Amino acid sequence: MQEPQTTGIQRRLWTFHGGIHVPDEKALSTGRPVARAPLPSLLTIPLRQHIGEPARPIVRVGDWVLKGQKIAEPEGWVSTPIHASSSGTVVAIEDRPIPHPSGLVATCVVIRTNGLDEWAKLPKPLDNYRELDPALVRERIRWAGIVGLGGAAFPTSIKLDPGPHLPVRTLIVNGAECEPYISCDDMLMREHAGDIIQGASILMHLLHTSECLIGIEDNKPAAIEAMSLAVAESDIKEATRVCTIPTLYPSGGEKQLIRILTGDEVPTSVIPAQIGILCQNVATLAAVAQAVLEGKPLISRYVTMSGRGLRAPRNFEVLIGTPIGDLIRAAGGLAGDVRNLVLGGPMMGFTLDSDQVPITKAANCVLALSEEEAPDPGPALACIRCGKCAEVCPANLLPQQMYWYARSKDLEKVQDYNLFDCIECGCCAQVCPSHIPLVQYYRYAKTESWAREREKRAADRARARHEAKEARLARLEQERKDKLERKKEALSKKPAAGKAGGKPGGTEATEDPKKAAIEAARKRAAAKKAALAEQGIGPRNVQGLTPSQQRQVDAAENRRQAPEAATTKGTGED
Amino acid sequence: MLIAITAIAVLATLFGLLLGYSALRFHIEGDPLADQIDAVLPQTQCGQCGFPGCRPYAEAVARDEAEINRCVPGGEALVLTLADLLGKDPLPLEAGEEKPKALAVIDEKECIGCTLCIQACPVDAIVGAAKQMHTVIAGECTGCELCLAPCPVECIHMVPIAEDSRSWKWPYPAPPADTELRPSTA
Amino acid sequence: MAGIILSSPHTIRPNRVDWLMLQVILALIPGIFALIWYFGWGVAINLVLASLFAVLVEAAALKLRGRPPLTTLRDLSALVTAMLFAIAVPPTLPWWLTLMGMVFAIGVTKQLYGGLGYNPFNPAMAGYVFLLVSYPLAMTNWLPPHMLAEHSLGFLDSARLIFTGSPPHELGWDAISMATPLDEMRTQLAQNRMIEEIRASQLWGDFGGRGWEWVGNWFLLGGLFLLWRRVISWHIPVSMLLGLLLIAGFFWSLDPQTHPFPAFHVFSGGTILGAFFIATDPVTSCTTRKGQIIFGASIGVLIFVIRTWGGYPDAVAFAVLLMNIAAPTIDYYTQPRVFGHGKGSE
């Protein structure tokens, strides 16, 4: 067995601006080994756990599903399938609370497990993936429902297909896990380093990358050792280096890690593939290896349950859809005064109102924070322009300026100060002496900007439709006018003719075109009637009449005869 | 003394000429201000501002004949945008509170196919024909409520748009502690 | 739907405004003791008066603005302003001038603009300059350090001076007051004396005036404490002192007999106090790093220029106020390159 490459010349590392040192609190949850979470009685699986369109369910209420069976198809290109995390019966497909800062609901497939945990028939392993068309391997990754498990939840198969014009020369494996409390990646690296490296190998083959850099913070010595061993035993050991990076929050941010390991800065609003780099979380790679080499879809993940509000914090292997309440019980239950239940880490996570929400693919940590860990920051005071926020910003922004403009709701100016380069890491809010909730201002500004853009697009569409309607109405009006004009002209050109029925004055035709038209029609009808009468055919609608209809006809006839008799007697009245 | 008068007179003439030249050289044709205002209006054509549509309101605001706080669907955000554009002070909304956005929904059972609502809709968001059932295209409906009045059987209702986790917005943070006692303006 | 939404981070946030201000006050204490030691009880009385007036004026202003007074007073910024003001003014200043100074500093310069964080000018310096320009005589009645004084004032005498404005019996103003080293240097130079000649007098210590220069050292100690605690960063003090030293050194090298040795400038007047405590006021100085260096260096240069060719013997207050005006513009033009923009990325 070869010696692991932990010694030797360390590869050169770069730094990014800012960053803060926070107590990492990892020891809380790394003291105990990873346990398998108990099988919950109900699994609530949201149809949208990824960036993109929600998946479309292909099962119905009452269906019996097996573990690993696909229960929802991707909708469109940026979407991903969903699988049943265990065997059981589908009891509902309806809106349920999801883990989201808004506390809103979304459509979920709810499965009552039958305790058997029976696997469905899985597709065969693609051991020979090196000889296969890369598209087939990507299709398998897509089938498995794999998304970025570091938290972004972007469908991995799409990320792995940047296109022929964007060659990827470096694969970066993100094992940094810089946020305090979270240790699921650490434990995964200790226990499944082999899978992770397999996954990296698959990706390197798919993308023809020549170099693989694994970034791990130096507060995880066991993980570094495990990964180095796995690299030494793998087929990519020549091209791979395990790099120990200094512990600094937020080194695990994609752009920051790329900068540390390669010195390159990903240009704004652009994907790293643009500069030939692809970054993947360790858990994603392990899932890729399982999907390709064992045919297993993504139905579980490691989740850190931590915080001093839990009696026995540790990591769990959790089935997707497990209610967080079940996990809290498995972690010994809540202890003492818990001020906050947080999904994610303390720096970027959001609070949960209830523990009845499920674990999704993107959920990597649940914290029960006590009063002393997360005290009430108190009301925000005035900004004293100390500039500490700008000192620590990893994106080198000016949080102070963004704050002033976000506070006065001047969203254009906030965007001028590069609002969308903000990674919402929380360093600025952490150091602010006035305890201003800076990150919330930027999140507000971002979502408000997006909402306004949506409204603007809708308004532009409405304006176009309104103008089209006005144009249509104007056009119809114009056509009607033109028609009348033409008729007027046509009738004025016809020679003056006497009307049938002995009405004097052929000049009447020119003075009243409508009357002339009616006159002409009447003449035509009379001529037709006369012609038919000569042939012995009378009007067709006076046969087969019911007695009441006949009475009505007779009454009308009488009425017609009477005024005519009156007019022929008296003066001619038209 | 004479020198002072001459100097001032010469300066005045020079600057006057400069100003006059600038006024001619940089003169703008048309009414770009009304266009700019119309570009930020929500285009619901609802008439709640008192004008028959968004374009007439934009032109009135450009001519300074209407206040900037009359647009109901635009809400506070629009007042701030117009205030910024025109260099005026923001005013509280004339209509009071902002109403949540809603869409028109036709109750199919009650519809008699009279086409009056189709004619009333300023963006042609209702499909249907005479004696055929009518329905609202939800994606195009702007919530202007102009179809509610003409319907003879009152089968159209405004249903507020349910919030979706994808379109949910982070709320504006609470103001700092030292502004507690003052009510917020704009 | 969630109730009040608490945004991340959900951690202990150690930094607090009142903590920052408290550390500044702590850092001032060594220098204050030195001042009292050398110049008597007048300094202490002024400190107490100024602090009292500052708190009262701020509370009154907040009440008028309809804001809760305690929340703002708790951040201790009014106290810091008062202390800096009391250090800057002569120990003989009448009490009602201190009151006026505080009304202008806290009421006008700070609260009228919107309170802490909104004022464009340094309140202590604005108050000082307001009084200097309006009451030049009262504001230049300095006392000599005790080892040079013929008649030192005790506590009661100082109190009587401040509250009634009259010097002790049998002594006139001339007997108890003395010009500051800067003032002395200025007057002597104006009379075309040579530096060597001037410095031969007993008044001078190693660098500046005897006694006066030591006060600077104690404030320097406080300033280093603030640097160590990271309350301030090194950019402004270092750039200010360097700027002053470089331009003073340049002119001194041109003609050592008409320009004092550069260290004189550093150890006289409010230079060190200004470098560590006044120019570093976060509200009124630049926030970007490059901007801070430009800000500090400009203050240093301005101090030299005003002292040498301007109308007042000490220039720190004026230099700081002038650069306060320029701070936002400097900030605008020294914005850092954002990650992923410009050179460094493609």
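Looking at region A:353-364, is at least one residue in contact (Cβ under 8 Å) with a residue 24 or more places away in the chain, surrounded by fewer than 19 Cβ atoms within 10 Å (Cβ to Cβ) and of a type outside the set (Asp, Glu)? Quick ask: steps written out before the conclusion?
First, pick out the residues of region A:353-364 that are in contact (Cβ under 8 Å) with a residue 24 or more places away in the chain: A:353-364.
After this cut, where a residue has to be surrounded by fewer than 19 Cβ atoms within 10 Å (Cβ to Cβ) as well, the list is A:353-356.
When the remaining residues are screened for being of a type outside the set (Asp, Glu), the result is A:354, A:356.
Within region A:353-364 (the criterion being in contact (Cβ under 8 Å) with a residue 24 or more places away in the chain, surrounded by fewer than 19 Cβ atoms within 10 Å (Cβ to Cβ) and of a type outside the set (Asp, Glu)), the answer is yes, since at least one residue qualifies.
So if I check each of C:Ala78, C:Ala54, C:Ala60, C:Ala82, which one is open to solvent by 30 Å² or more (accessible area, probe 1.4 Å), within 19 Å of C:Tyr118 (Cα to Cα) and assigned to a helix (DSSP H, G or I)? Lay out the reasoning, then the answer.
Values: C:Ala78 fails: open to solvent by 30 Å² or more (accessible area, probe 1.4 Å); C:Ala54 fails: open to solvent by 30 Å² or more (accessible area, probe 1.4 Å); C:Ala82 fails: open to solvent by 30 Å² or more (accessible area, probe 1.4 Å).
Of the residues listed, the single one that is open to solvent by 30 Å² or more (accessible area, probe 1.4 Å), within 19 Å of C:Tyr118 (Cα to Cα) and assigned to a helix (DSSP H, G or I) is C:Ala60.
Let's see how each residue does on (1) touching a Phe, Trp or Tyr at 6+ places or on another chain (Cβ under 7 Å); (2) assigned to a loop (DSSP other than H, G, I, E, B):
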residue: A:Leu28; (1), (2): yes, no
residue: A:Leu43; (1), (2): no, no
residue: A:Gly52; (1), (2): no, yes
residue: A:Val61; (1), (2): no, yes
residue: A:Trp77; (1), (2): no, yes
Report task. Name the helices (runs of 4 or more DSSP H) wholly inside region C:153-241 in which the number of residues that are buried (at least 18 other Cβ atoms within 10 Å of the Cβ) is 2 or more. Result -> C:155-164, C:181-190, C:195-199, C:212-228
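Yes or no: region A:347-356 includes at least one residue that is within 12 Å of chain B (Cβ to nearest Cβ), modelled with pLDDT under 95 and outside any helix (DSSP H, G or I).
Taking region A:347-356 and keeping what is within 12 Å of chain B (Cβ to nearest Cβ), we get A:350.
In the following step, the residues that additionally are modelled with pLDDT under 95 were identified as A:350.
Next, from what is left, pick out any that are outside any helix (DSSP H, G or I): A:350.
Among the residues of region A:347-356, at least one is within 12 Å of chain B (Cβ to nearest Cβ), modelled with pLDDT under 95 and outside any helix (DSSP H, G or I), which makes the answer yes.
Please enumerate the residues belonging to region A:370-394 that are touching a Lys or Arg at 6+ places or on another chain (Cβ under 6 Å) and either open to solvent by less than 20 Å² (accessible area, probe 1.4 Å) or more than 8 Å from every other protein chain (Cβ to nearest Cβ) (or both). First the steps, then the outcome.
From region A:370-394, those touching a Lys or Arg at 6+ places or on another chain (Cβ under 6 Å) are A:370-371, A:373-374, A:377; that's our starting set.
Answer for region A:370-394, where residues must be touching a Lys or Arg at 6+ places or on another chain (Cβ under 6 Å) and either open to solvent by less than 20 Å² (accessible area, probe 1.4 Å) or more than 8 Å from every other protein chain (Cβ to nearest Cβ) (or both): A:Ser370, A:Glu371, A:Glu373, A:Ala374.
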Query raised in the report: Here are some conditions: (1) touching a Leu at 6+ places or on another chain (Cβ under 6 Å); (2) open to solvent by 10 Å² or more (accessible area, probe 1.4 Å); (3) within 7 Å of another protein chain (Cβ to nearest Cβ). A:Pro433 meets all but one. Which one does it not meet?
Result: (2)
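For region C:257-272, give me the residue count where each residue is surrounded by fewer than 24 Cβ atoms within 10 Å (Cβ to Cβ) and of a type outside the set (Ser, Thr, Tyr). Explain how you work it out, then say what you get.
Going through region C:257-272, the residues surrounded by fewer than 24 Cβ atoms within 10 Å (Cβ to Cβ) turn out to be C:257-259, C:261-263, C:266-267.
Keeping just the survivors that are of a type outside the set (Ser, Thr, Tyr) gives C:257, C:259, C:261-263, C:266-267.
Residues that pass the stated criteria total 7.
Anything in region A:76-105 that is within 14 Å of chain C (Cβ to nearest Cβ) and either surrounded by 16 or more Cβ atoms within 10 Å (Cβ to Cβ) or within 20 Å of A:Gly145 (Cα to Cα) (or both)? List them, or say none. Steps first, please.
Initially, region A:76-105 is screened for residues within 14 Å of chain C (Cβ to nearest Cβ), giving A:95, A:97-105.
Correct list: A:Pro97, A:Ile98, A:Pro99, A:His100, A:Pro101, A:Ser102, A:Gly103, A:Leu104, A:Val105.
For region C:103-130, name all the residues that are more than 14 Å from chain A (Cβ to nearest Cβ) and either in a loop (DSSP other than H, G, I, E, B) or under 16 Å from C:Val43 (Cβ atoms) (or both). Outline the logic, then answer.
Within region C:103-130, the subset more than 14 Å from chain A (Cβ to nearest Cβ) is C:103-109, C:112, C:124-130.
Hits for region C:103-130 are C:Leu112, C:Ala124, C:Tyr128.
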Report task. Identify all residues within region A:204-223 that are open to solvent by less than 20 Å² (accessible area, probe 1.4 Å) and closer than 19 Å to A:Lys26 by Cβ; write none if there are none. Result -> A:Ile214, A:Gly215, A:Ile216, A:Glu217, A:Lys220, A:Ala223
Requested in this report: Collect the residues in region A:252-278 that are acidic (Asp, Glu) and either in contact with a Cys (Cβ under 6 Å, 6 or more places away or on another chain) or open to solvent by 20 Å² or more (accessible area, probe 1.4 Å) (or both), keeping them in residue-number order.
Outcome: A:Glu254, A:Asp264
Report task. State which residue is surrounded by the most Cβ atoms within 10 Å (Cβ to Cβ) when the search covers only region B:149-186 and only residues that are outside any loop (DSSP other than H, G, I, E, B) and modelled with pLDDT of 85 or more. Result -> B:Ile156
**Report entry** From A:Asn340, A:Asn281, residue being open to solvent by 10 Å² or more (accessible area, probe 1.4 Å), modelled with pLDDT under 95 and of a type outside the set (Phe, Trp, Tyr)
**Finding:** A:Asn340
Query - Residues (closer than 17 Å to A:Glu424 by Cβ and over 15 Å from the mean Cα position of the chain (by Cα)) located in region A:145-173 - result: A:Gly150
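Condition first: open to solvent by 10 Å² or more (accessible area, probe 1.4 Å), touching a strand residue (DSSP E or B) at 6+ places or on another chain (Cβ under 9 Å) and under 24 Å from A:Leu149 (Cα atoms). Now tell me which residues in region A:53-71 satisfy that. It would help to see each step written out before you state the result.
First, the residues of region A:53-71 that are open to solvent by 10 Å² or more (accessible area, probe 1.4 Å): A:53-54, A:56-64, A:66-67, A:69-70.
Narrowing further to those that are touching a strand residue (DSSP E or B) at 6+ places or on another chain (Cβ under 9 Å): A:54, A:56-64, A:66-67, A:69-70.
Once the filter is applied, which keeps residues that are open to solvent by 10 Å² or more (accessible area, probe 1.4 Å), touching a strand residue (DSSP E or B) at 6+ places or on another chain (Cβ under 9 Å) and under 24 Å from A:Leu149 (Cα atoms), region A:53-71 yields A:Pro54, A:Arg56, A:Pro57, A:Leu66, A:Lys67, A:Gln69, A:Lys70.
Of all residues in region A:437-446, which are within 7 Å of another protein chain (Cβ to nearest Cβ) and either under 21 Å from A:Pro180 (Cα atoms) or without any contact (Cβ under 8 Å) to a residue 24 or more places away in the chain (or both)? So that I can check it myself, show each step before the final result.
Residues of region A:437-446 that are within 7 Å of another protein chain (Cβ to nearest Cβ), as a first pass: A:437, A:439-441, A:443-444.
Scanning region A:437-446 gives A:Pro437, A:Val439, A:Gln440, A:Arg443.
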Requested in this report: Please enumerate the residues belonging to region C:76-90 that are among the hydrophobic types (A, V, I, L, M, F, W, C), farther than 11 Å from C:Phe53 by Cα and within 14 Å of chain A (Cβ to nearest Cβ).
Outcome: C:Leu76, C:Val80
Report task. For residues that are without any contact (Cβ under 8 Å) to a residue 24 or more places away in the chain and more than 10 Å from chain C (Cβ to nearest Cβ), tally how many sit in region A:238-271. Result -> 1
Query raised in the report: Which pairs have Cβ atoms under 6 Å, sit 6 or more apart or on different chains, and link a residue in region C:6-27 that is within 7 Å of chain A (Cβ to nearest Cβ) and within 13 Å of A:Cys427 (Cα to Cα) to one that is modelled with pLDDT of 90 or more and open to solvent by 40 Å² or more (accessible area, probe 1.4 Å)?
Result: C:Ser8/A:Met348
Query raised in the report: Within the group A:Arg454, A:Arg461, A:Arg480, which residue is open to solvent by 60 Å² or more (accessible area, probe 1.4 Å), facing another protein chain (nearest Cβ under 8 Å) and under 23 Å from B:Ala120 (Cα atoms)?
Result: A:Arg461
Query raised in the report: Going through region A:395-428 one residue at a time, which ones are among the hydrophobic types (A, V, I, L, M, F, W, C), in a helix (DSSP H, G or I) and either surrounded by fewer than 23 Cβ atoms within 10 Å (Cβ to Cβ) or free of Cβ contacts under 8 Å to residues at least 12 places away in the same chain (or both)?
Result: A:Trp404, A:Leu411, A:Leu419, A:Phe420
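Which members of region B:59-117 meet the condition of being of a type in the set (S, T, N, Q) and either more than 13 Å from the chain's Cα centre (by Cα) or within 14 Å of another protein chain (Cβ to nearest Cβ) (or both)? Talk me through it step by step, then tell me what you get.
First, pick out the residues of region B:59-117 that are of a type in the set (S, T, N, Q): B:69, B:81, B:115.
Selection gives B:Thr81, B:Thr115.
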Query raised in the report: For region C:26-51, which residues satisfy the criterion of being under 15 Å from the mean Cα position of the chain (by Cα) and farther than 21 Å from C:Trp212 by Cα?
Result: C:Ala50
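Somewhere in region B:92-110, is a residue small (Gly, Ala, Ser), at pLDDT below 85 and surrounded by 12 or more Cβ atoms within 10 Å (Cβ to Cβ)? Spell out how you get there, then give the answer.
Applying the first criterion (small (Gly, Ala, Ser)) to region B:92-110 yields B:95-96, B:102, B:104.
Checking which are at pLDDT below 85 leaves us with B:95-96.
Now drop any that are not surrounded by 12 or more Cβ atoms within 10 Å (Cβ to Cβ), which leaves B:95.
For region B:92-110, residues small (Gly, Ala, Ser), at pLDDT below 85 and surrounded by 12 or more Cβ atoms within 10 Å (Cβ to Cβ): present.
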Requested in this report: Using the structure shown, decide if C:Ser298 is facing another protein chain (nearest Cβ under 10 Å), within 29 Å of C:Lys110 (Cβ to Cβ) and open to solvent by 20 Å² or more (accessible area, probe 1.4 Å).
Outcome: no
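The values are calculated or read from the model by the stated rules, or taken from the named source; none is laboratory data. Predicted, not measured: the structure shown is a model, and the values here were computed from it. Ideal geometry is used to build each Cβ from the backbone, glycine not excepted, and the neighbour counts take in all protein chains shown. Heads up: the accessible areas ignore ligands, DNA and RNA and are worked out on the full protein's heavy atoms, side chains in. Shrake-Rupley method; radii C 1.70, N 1.55, O 1.52, S 1.80 Å.
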